[in-house]
Amino acid sequence: MRQLHGKAVCGGIAIGRLGFFRGRDRTVTQVRIADATAEHERFASAHALAIVQVAALQEKALAEIGENEAAVFEIHQMMLEDEDYLDAIRGIIAEQNCNAEYAVAVTREEFARSFAEMDDPYMQGRAADVRDISNRLLDCLAGKSGDLELGDEPVVVAAKDLTPSETVQMDKRKILAFATGGGSSNSHTAILARTMGLPAIVNLGDDLDERLDGLPVIVDGFTGTVYIEPDAQTTAAMEKRSDEETARQALLESFKGKPNRTRDGKEVLVYANIGSVAEVELVHRYDAGGIGLFRSEFLFLNSGDYPDEDAQFAAYRKVAKDMGGKPSIIRTLDIGADKQIAYFNLDAEENPALGLRGLRLCLERPEVFKTQLRALLRASAFGKLAVMFPMVASVWEVTEAKAILETVREELRAEDKAFDADMEVGVMIETPAAAVISDLLAREVDFFSIGTNDLTQYTLAVDRQNARLDRFSDPHHEAVLRLIRIVVDNAHANNAWVGVCGELAGDLAITETLLRMGVDELSVSPPKVLELRKTIAECTLA
């Protein structure tokens, strides 16, 4: 028996044989052509076919998996229509008098490398999307199409990496788990695995190769370990763990529809954090009481230019309507630091974590901010929306943001457009400054949402993007907990309520401490909702 170690992205135990997915051979060589015009036409035909195929894949994903996974194909459609991408391909054909396959392959590598080198994990994930659409174009140029076969029996699907198209085209009934040499927690393999509830491990490295095809394996999606040809003792231990996990999941399912109430009767709001409209489905699936953090920047990250008011309005309205009266807190645009968008043309900063980001950027770009606020207010007429401003350090920032919000309200009234005049307004508490002056901030807003990831980073002076500093970053640090208590006390003294939406909200070891402080709401990733509800039910605060 030997072991491979990677990054666990979806828990669970899978026991079976490994099926190594090789994908299609897309070897490309450069060929000189005599007629560039004909080659451009050939590429145009392949491009049109690719768009049709991606639309069909989106429908398949919607039917089989749901909106969450299908959303990636909207990104693929946009990428296939991106003029920079298409111009790069056309330019290579014209300048080098070469075949379209070579032009696509070169552009694929250049664009994928550009995305992979970005600091933002979301944008790094787009490298796989560029490869996916480029490979689809190569298949269309070669006349290849059709579903991908896995064989007759369910297997642990292994590969160097998997594209969204490949994962969606597989027969889900024949997948026990996923194991990939590359990938990340934001990869589409990881997303699909979480959607399907299958164990998954990524980043296993080069030792995961075709020589393992057909061997018996065990995938431990909790520890990130793949056991190759496991011995009898390991197999028995893993079978026992699998049975225990099945029983645990059944217990968690029994908490659906139950109140978030401690043993002594304290009611707590349990909401979900999401990053796209498609993830509203997960909010309902895991029975969250609302959306505690909707990261609106996905609309900007998924667009090649500033999304206009109507595009944003359509997204926020869908969230409001799909939530069916449950509250949804929309965080205004939060880019900068580790999240960069090319068309914003932001200057490089030596210390971007302390730079132009969050509300600071919105106040510097009021035209962008006003567009988003108009869309949000208009959407508030269709459900229970709230708005909150990120990265606040001073009272004047909040009063200025509220003044812009009031200007937008007046404009909408003049245009006779409906909106919720009582929509709640809140701020995120992410800086020690905001925590210390939370008594002053509470007089300006209806609620606080504590972003413990950044609050920990700024309080302890530890860069959370630097893995070497992990042991110095302690979200349970007394300084962080004292700041949270200050925020809660100041909020309640000024008739504001308090939520926690950072990683600490899902840290079950600290749940009782947060409840004893008086935190009113906890917002976690959707799959953590039921586990948090169970933990709350086991707490006694009296």
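Numbers for the structure displayed
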item	result
Contact order normalised by residue count of segment 144-292, Cα under 8 Å, 6+ apart, percent	14 percent
Label-point separation in nm, K144 to V52, each point 7 Å along Cα→Cβ	2.0 nm
By accessible area with a 1.4 Å probe, ligands and nucleic acids excluded, highest first: order of E350, E41, E415, E166	E350, E41, E415, E166
Whole-Hz couplings from phi, Karplus 6.51/-1.76/1.60, listed for segment 231-245; x for Gly and Pro	7, 5, 5, 5, 4, 5, 5, 6, 4, 5, 4, 5, 4, 5, 5
Amide H within-cut-off set for Y286, under 5 Å, with H built and near neighbours excluded	none
Accessible surface of the chain [probe 1.4 Å, protein heavy atoms]: carbon and sulfur percent	48 percent
Cut-off 15 Å between beta-carbons: net charge of the residues surrounding V202, Lys and Arg +1, Asp and Glu -1	-2
C10 long-range amide H proximity, modeled H, under 5 Å	A200
Residue-level accessible surface for R261, protein heavy atoms, 1.4 Å, Å²	100 Å²
Gap separating the Cα centres of segment 441-504 and segment 29-98, nearest whole Å	45 Å
DSSP-assigned coil residues among trypsin sites (Lys or Arg not before Pro) in segment 406-456, each with at most 15 further Cβ atoms within 10 Å	K417, R443
Vicinal HN-Hα couplings computed from phi for segment 383-395 (Karplus, 6.51 cos²θ - 1.76 cosθ + 1.60; Hz; Gly/Pro x)	x, 9, 9, 10, 10, 9, 9, x, 6, 9, 10, 9, 5
Cα-projected label distance for H5 with L251, points at 7 Å along beta-carbon direction, nm	2.9 nm
Helical mean residue ellipticity (222 nm; -39500 (n - 2.57) per DSSP H run of 4+; nearest 500) of the chain	-14500 deg cm²/dmol
Residue-normalised accessible area of the chain, given per residue in Å² at a 1.4 Å probe	43 Å²
Phi to ³J(HN,Hα) by Karplus 6.51 cos²θ - 1.76 cosθ + 1.60 over segment 79-86, Hz, x for Gly, Pro	5, 5, 9, 6, 5, 4, 5, 5
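The values are calculated or read from the model by the stated rules, or taken from the named source; none is laboratory data. What you see is a predicted model, and the numbers here were worked out from it, not measured in a lab. Methodologically, a virtual Cβ is constructed for each residue, glycine included, from the backbone with ideal geometry; neighbour enumeration extends over all protein chains shown. These accessible areas exclude ligands, DNA and RNA; they are computed on the full protein's heavy atoms, side chains included. Shrake-Rupley method; radii C 1.70, N 1.55, O 1.52, S 1.80 Å.
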